[in-house]
Amino acid sequence: MKIIKDPVHGYVEVEDFALALLDSPALQRLRYIKQLGFSYLVYPGANHTRFEHSLGTMFLAGVASRRFGLSDDEHKLVVSAALLHDIGHGPFSHAGEPLMEKFLQRTHDDIECILTDHTKNILRESGIDPVEVSYLVKGNHSLSSIIHGDLDVDRMDYILRDAYYTGAPYGSVDVQRLIRHLIRTSEGTVMDENGVNAAESLLIARTMMRPTVYFHHVSRIGESMFQLAVLEHFKDSEKNLYSSFFGMDDATCMQALRGSENPVARDIALRIYERRLYKRALYVGTDLVSSSLIDKRIPLEKCREFASMIASLVGLKPHEVLVDIPLIPKEMSLGVKVENQRTLAGVKDLSPRIQTLNETRLDQWRLGVYTLPEFRQEVAEAASEVLHIKKQTRQHTLF
């Protein structure tokens, strides 16, 4: 057993069966992938990595495993899955997810196709089935709710860790107490009613960090610029290079973009490196946006089509306009086991705050149109026409 000092959880014990996984190339690569993508452009301290997060998730998965009284084999399975759950991430974490889906037709949860023989052998030597690990990470296993859900150990760790490294004042959550009130059932993980207050604290933190950290407009601009740089770079790349590109770490990826044969990719990569970012021309909530842009997921290609139309109206080049239309956040929910009753109640039935939080998350949503600083006014007007944005009130004006 090895003991590692973690700034969030203190001393973390790594069991013998997990040590070889921890030292494997798949895990070590995560040392060089930022947990929060481009949030470092906003918060200078946000340089923590997927490796640290995976270690923390493994620790909390072990706590949950003991809480549920899992067998030794189940414990090993859950802890291994928690340690490996993020190895599918491409450079800059979630910033590359839409690109990965477009070019590789997979998400970061699809790890079965990227598990190397080396990693599989490590798992098998400990009596762990690699396929079962993949199913658990994907969410297709009876134990998946431990690392998949509104109150899973994955979220518990990243909220604490992201708050710690950004300095956001919302991360004071007692996750140990939270785990003690979780109950494993045939329907997944639920909570006893005495844990509702602890659950609220985590969901409040998650909600408050959305606009200040996860969806901060500068982070979104950085992500949008990165995605455009990759799209331009791939215009001059062979299809068989897609997999190797998404297997890069952050630094190698940026070096590839800065040395790209495509001049647009090179220029945008340099802008990100020097923090010469695009600015907001339009940044509006659901009250001003057509339902056609909210009711369904808008693919990256459609956003680029919108951007080209806007650019054409004001005489700009297509790459000088970015359109960012995030998914509408889904409602947070959790089954709660009420004492002396056999049925489950929804957490929002016991806590009116949860409904308020879900409404708040919807209010936080923003559609963004970004461009070079000198073209903001013209682009805002053209974007309003192309995207059928309702007339803005003063509070939505950014100038």
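Assorted remarks:
- Yes/no for Pro91 being in a loop (DSSP other than H, G, I, E, B), crowded, with 20+ Cβ neighbours inside 10 Å and modelled with pLDDT of 95 or more: yes
- Scanning the range 129-148 for residues that are touching a residue at least 24 places away in the same chain (Cβ under 8 Å), in contact with an Asp or Glu (Cβ under 8 Å, 6 or more places away or on another chain) and among the β-branched types (Val, Ile, Thr) turns up Val137, Ile146, Ile147.
- Count of the range 108-159 residues which are touching a His at 6+ places or on another chain (Cβ under 6 Å) and farther than 15 Å from Ser54 by Cα: 2
- Every residue from the range 221-238 that is touching a residue at least 24 places away in the same chain (Cβ under 8 Å) and over 25 Å from Tyr40 (Cβ atoms): Lys235, Asp236
- Between Glu274, Glu301, the distinction of being within 28 Å of Gly88 (Cβ to Cβ) and either touching a Leu at 6+ places or on another chain (Cβ under 8 Å) or among the charged types (D, E, K, R) (or both) belongs to Glu301 only.
- Options Ser54, Ser126, Ser71: the member that is over 17 Å from Ile146 (Cβ atoms) and of a type outside the set (A, V, I, L, M): Ser126
- Any chance Leu182 is in contact (Cβ under 8 Å) with a residue 12 or more places away in the chain, more than 20 Å from the chain's Cα centre (by Cα) and closer than 20 Å to Leu77 by Cα: yes
- If the condition is being assigned to a helix (DSSP H, G or I) and in contact with a His (Cβ under 6 Å, 6 or more places away or on another chain), then the range 57-88 contributes Phe59, Ser65.
- Taken together, Arg155, Arg124, Arg161 contain a single residue that is in contact with a Pro (Cβ under 8 Å, 6 or more places away or on another chain), within 27 Å of Arg184 (Cα to Cα), assigned by TED's automatic domain parsing to the domain that holds Ser54 and not in a loop (DSSP other than H, G, I, E, B), which is Arg124.
- Candidates Val284, Val264, filtered to the one that is touching a strand residue (DSSP E or B) at 6+ places or on another chain (Cβ under 7 Å) and either over 22 Å from Arg106 (Cα atoms) or surrounded by 19 or more Cβ atoms within 10 Å (Cβ to Cβ) (or both): Val284
- Flag if Glu261 is of a type in the set (Asp, Glu), in a helix (DSSP H, G or I) and in contact (Cβ under 8 Å) with a residue 12 or more places away in the chain: no
- Number of residues in the range 95-107 that are surrounded by fewer than 24 Cβ atoms within 10 Å (Cβ to Cβ), out of contact with any His (no Cβ under 8 Å at 6 or more places or on another chain) and in a helix (DSSP H, G or I): the value is 6.
- Within the range 95-120, considering residues that are closer than 24 Å to Leu41 by Cβ and in contact (Cβ under 8 Å) with a residue 60 or more places away in the chain, the one nearest to the chain's Cα centre (by Cα): Ala95
- Some residue of the range 78-91 being of a type in the set (D, E, K, R), farther than 26 Å from Ser39 by Cβ and assigned by TED's automatic domain parsing to the domain that holds His53: no
- Residues that are over 19 Å from Gln377 (Cβ atoms) and without any contact (Cβ under 8 Å) to a residue 12 or more places away in the chain within the range 316-331 comprise just one, Lys330.
- The range 138-148: number of residues that are buried (at least 19 other Cβ atoms within 10 Å of the Cβ) and within 24 Å of Arg177 (Cα to Cα): 6
The values are calculated or read from the model by the stated rules, or taken from the named source; none is laboratory data. Small disclaimer: the values here were computed from a predicted structure and weren't measured. Here the Cβ is made from the backbone with ideal geometry for all residues, glycine too, and neighbour counts use every protein chain on show.
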